[in-house]
Amino acid sequence: MLDLAKTAKRALLLALLTLGAGNLALAQTAGAGTWPTQKPIRFIAVFPPGGSVDQVARILAPALQAELKQNVIVENIGGASGVIGTSAMTRSDPDGYTFAVVFDTHGVNPSLKEKLPYDTIKDISPIILVGTSPMVLVASKNSGITSFKQLVDQSKAGKKFSYGSIGIGSLGHLAMARLAKQAGFDWNHIPYRGGGPLMQDVLGGQVELAVGSEFLVKPHIDNKGVIPLVITTAKRSPSLPNVPTISESGFPGFSAPAWWAVLAPGKTPPAIVDAMNKALNKVLKNPAVAEKFKSQGIEIVGGSTETAREFIGKQIGIWGKFVIENNIKETGQ
């Protein structure tokens, strides 16, 4: 009788455990299945208002909201070249309701920062590579510089210019650091917390030169607030056909495109990751959205999550090597 009682007890316990596991699996499936109907989706723009990350997020948000039939809220969490906002995203629940819109600094931070508050690979799931764009070097009207050739000639003659970027380790900073090293220029880098503050200062003449994505600087070029000198991609931009490339201006092979991507916490369910990727691909094919990006010089990429993962991985390798080899630190060049 004792053995039979023990057997019955074990059978009951096993049944309860099986039922619990089944209910857990059902709950997880139901949670993924009800996405995105449970609450608003949060898009963390990892730079302050006024910069390209903020603008990209705000172009995507309303179109994504229409596609998913769920509110999409943009929240700016800037600082530390995108690390603070990205960290906030990684710490959020991986339930498909928090994402981050990041810039090219995301690919540099692992080698630039001594200790990140997250693992760039394990704690993050790339959703989509939104697009790429040239970086543009522009001059303040107060600088007296009207062409890249004039800037090069004066730099070679020993004049020291100052240029601003959206931060130490940003692609603009690294691109200009590479150019300065290659040409033997002695330029002074001034880091800003974002594109908005950077453009305010170059428009006001507080900094002679600024380097930023075409998305960021083109409105000010169109308004004749700044003077475009050169772009960082291998080919000229269709939106700025009269602005030469660095490659064709005496530095063959030079190329450094800016880029933007959408990321999710690393443990976000694969079904939600795939669903968001599909939704964003649809958004990027929306003619109105595509035209907004095109008008600001962004070439849409889109594609699979794996495309985003591979691209970001390559950027981490390319610029990480440059940062290490040139001993670039957060405290300066």
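Sort through 273, 243 and tell me the only one that's within 30 Å of residue 33 (Cβ to Cβ), open to solvent by less than 20 Å² (accessible area, probe 1.4 Å) and of a type outside the set (S, T, N, Q). Result of the check over 273, 243: 273. Quick check, is residue 264 part of a strand (DSSP E or B), open to solvent by less than 40 Å² (accessible area, probe 1.4 Å) and either more than 30 Å from residue 200 (Cβ to Cβ) or at pLDDT 95 or above (or both)? So residue 264 fits the description; yes. Residue 208 fulfils the conditions (1) acidic (Asp, Glu); (2) surrounded by 15 or more Cβ atoms within 10 Å (Cβ to Cβ); (3) under 21 Å from the mean Cα position of the chain (by Cα) except for a single criterion, (3). On the stretch given as region 207-234, residues that are over 17 Å from residue 132 (Cα atoms) and among the polar types (S, T, N, Q) total 1.
In the set (1) open to solvent by 20 Å² or more (accessible area, probe 1.4 Å); (2) closer than 18 Å to residue 317 by Cα; (3) among the β-branched types (Val, Ile, Thr), the condition left unmet by residue 102 is number (1).
Can residue 251 be described as hydrophobic (A, V, I, L, M, F, W, C), part of a loop (DSSP other than H, G, I, E, B) and either surrounded by fewer than 19 Cβ atoms within 10 Å (Cβ to Cβ) or under 19 Å from the mean Cα position of the chain (by Cα) (or both)? For residue 251, the condition - hydrophobic (A, V, I, L, M, F, W, C), part of a loop (DSSP other than H, G, I, E, B) and either surrounded by fewer than 19 Cβ atoms within 10 Å (Cβ to Cβ) or under 19 Å from the mean Cα position of the chain (by Cα) (or both) - is met. Can you tell me which residue is farthest from residue 54 (Cα to Cα) among those in region 319-333 that are assigned to a helix (DSSP H, G or I) and open to solvent by 90 Å² or more (accessible area, probe 1.4 Å)? Looking at residues that are assigned to a helix (DSSP H, G or I) and open to solvent by 90 Å² or more (accessible area, probe 1.4 Å), I get 325. Of the listed requirements (1) assigned by the TED database to the domain that holds residue 166; (2) open to solvent by 40 Å² or more (accessible area, probe 1.4 Å), residue 148 misses just one: (2). Within region 291-312, residues that are assigned to a strand (DSSP E or B) sit with their Cβ atoms under 8 Å from residues that are of a type in the set (Ser, Thr, Tyr), at 6+ positions apart or across chains, in these pairs: 299/132; 299/133.
The values are calculated or read from the model by the stated rules, or taken from the named source; none is laboratory data. Predicted model, so just to flag it, every value in this text is computed and none were measured. Note: ideal-geometry Cβ built from the backbone for every residue, glycine included; neighbour counts use all protein chains shown. Heavy atoms of the whole protein, side chains included, go into the accessibility calculation; ligands, DNA and RNA do not. Shrake-Rupley method; radii C 1.70, N 1.55, O 1.52, S 1.80 Å.
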